[in-house]
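The values are calculated or read from the model by the stated rules, or taken from the named source; none is laboratory data. Worth saying up front: this structure is predicted, and the values here are computed from it rather than measured. Don't worry about glycine lacking a Cβ; one is built from the backbone with ideal geometry, like all the others, and counts go over all protein chains shown.
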Amino acid sequence: MTSFANRSAVGPAGSASGILFEREAHPPNMDGTLDHVMMRVEDLDESLDWYQTHLDYEEKGRWEADTFTNVFLGPADVHEDGALLELTYNHDGRSYTMGDAWGHIAVRVEDVTEAYHGLMDEGVEDYRPPEENPGYAFVKDPDGHEIEIVERDHGARWSIDHTMIRVEDADAALGWWTRKLEYEHTGRWEADTFANYFMKPEGAAEEAMAVELTYNYDGRSYEMGDAWGHLAVRVDDLDEGWAQLMERDAEDYRDPESCGHSYAFTKDQDGHEVEVVTA
């Protein structure tokens, strides 16, 4: 299918001459909404108990394979465009390294102080209380994944607000998410030593998860580790969405054919894995 855009160019004498531009139109399949974030856990039962007890998560789906188990969790009333948490448990009992290229997930509450001290009363380890960080706080799950608690007036309680990843080149990272997945800025915070950039697809629901890109000004590099797995984005059609990513020079990491035409994987400019799934 071909679409045509009719534009006018004004000549030296002020007269307008019609110029016809022709360009190929792609089908609208790059939804790009963040579907889930995956982290690896060493004890599935312990992790399930932690998230179900302290964050009131419920099991939304499970996939049992020969060598691993994936469990998808979220609040009972999570928004249809809200993201889930995927816990991956490998049956061989391996352990993981956290690295520092992945930062945290952030969950929504109405009152950070009330929520944090409620978790303390339930026996969650005291990590970064709101008294030290006005407006937010941090806890850790049993494997050491950091969880930020933020105040929001939208979204289900404990639903995922954003996932933070660290990037080595802010311009390259912003360009990747903008060009590859059609994301736009939804907020930024410039500090003395670092900057945070929040990104979502154009027109995303308020309740959708954002990706937070953290850039430290000192030029440090990061270790990916393997305790975090990937972010997953939705497309309407897997093959067409993958073709668009390839046209936009995304990395061909694991194409749909190699994944049984059920999903695919690319990587951002720093090596964070991004899964592509159908809506």
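Per-structure values
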{"read-out": "Yes/no for GLY219 being surrounded by fewer than 16 Cβ atoms within 10 Å (Cβ to Cβ), in contact (Cβ under 8 Å) with a residue 40 or more places away in the chain and farther than 26 Å from ASN70 by Cα", "value": "yes"}
{"read-out": "Subset of the stretch 148-197 that is out of contact with any Lys or Arg (no Cβ under 8 Å at 6 or more places or on another chain), aromatic (Phe, Trp, Tyr) and touching a residue at least 40 places away in the same chain (Cβ under 8 Å) - its residue that is surrounded by the most Cβ atoms within 10 Å (Cβ to Cβ)", "value": "TRP176"}
{"read-out": "Boolean, VAL124 is within 27 Å of PHE198 (Cα to Cα), of a type outside the set (S, T, N, Q), outside any helix (DSSP H, G or I) and at pLDDT 95 or above", "value": "no"}
{"read-out": "Conditions (1) surrounded by fewer than 21 Cβ atoms within 10 Å (Cβ to Cβ); (2) at pLDDT 95 or above; number of the one not met by GLU202", "value": "(2)"}
{"read-out": "Looking only at the stretch 131-147, and only at residues there that are buried (at least 18 other Cβ atoms within 10 Å of the Cβ) and in contact with a helix residue (DSSP H, G or I) (Cβ under 8 Å, 6 or more places away or on another chain), the one that is farthest from ASP43 (Cα to Cα)", "value": "ALA137"}
{"read-out": "Cβ pairs under 8 Å, 6+ apart, first in the stretch 240-254 and more than 14 Å from GLN269 (Cα to Cα), second of a type in the set (A, V, I, L, M, F, W, C) and at pLDDT 95 or above", "value": "GLY241/VAL235; GLY241/VAL276; TRP242/VAL235; TRP242/ALA264; TRP242/VAL276; ARG254/ALA264; ARG254/PHE265"}
{"read-out": "First in the stretch 86-97 and in contact (Cβ under 8 Å) with a residue 40 or more places away in the chain and of a type in the set (Lys, Arg), second anywhere and in a loop (DSSP other than H, G, I, E, B) and surrounded by 10 or more Cβ atoms within 10 Å (Cβ to Cβ), Cβ under 8 Å, 6 or more apart", "value": "ARG94/GLU42"}
{"read-out": "Residue check, ALA137 touching a residue at least 60 places away in the same chain (Cβ under 8 Å) and either in contact with a Lys or Arg (Cβ under 9 Å, 6 or more places away or on another chain) or of a type in the set (S, T, N, Q) (or both)", "value": "no"}
{"read-out": "Output for the stretch 219-239, where each listed residue is farther than 19 Å from ALA101 by Cα and either part of a loop (DSSP other than H, G, I, E, B) or in contact with a His (Cβ under 8 Å, 6 or more places away or on another chain) (or both)", "value": "ASP236, ASP237, LEU238, ASP239"}
{"read-out": "Scan of the stretch 108-130 for residues that are exposed (fewer than 14 other Cβ atoms within 10 Å of the Cβ) and touching a helix residue (DSSP H, G or I) at 6+ places or on another chain (Cβ under 8 Å), ordered by number", "value": "GLU122, ASP126"}
{"read-out": "Failed condition for PRO129, given (1) of a type outside the set (D, E, K, R); (2) at pLDDT 95 or above; (3) closer than 30 Å to THR266 by Cα", "value": "(3)"}
{"read-out": "Residues of the stretch 110-134 that turn out to be free of Cβ contacts under 8 Å to residues at least 60 places away in the same chain and among the β-branched types (Val, Ile, Thr), as a count", "value": "2"}
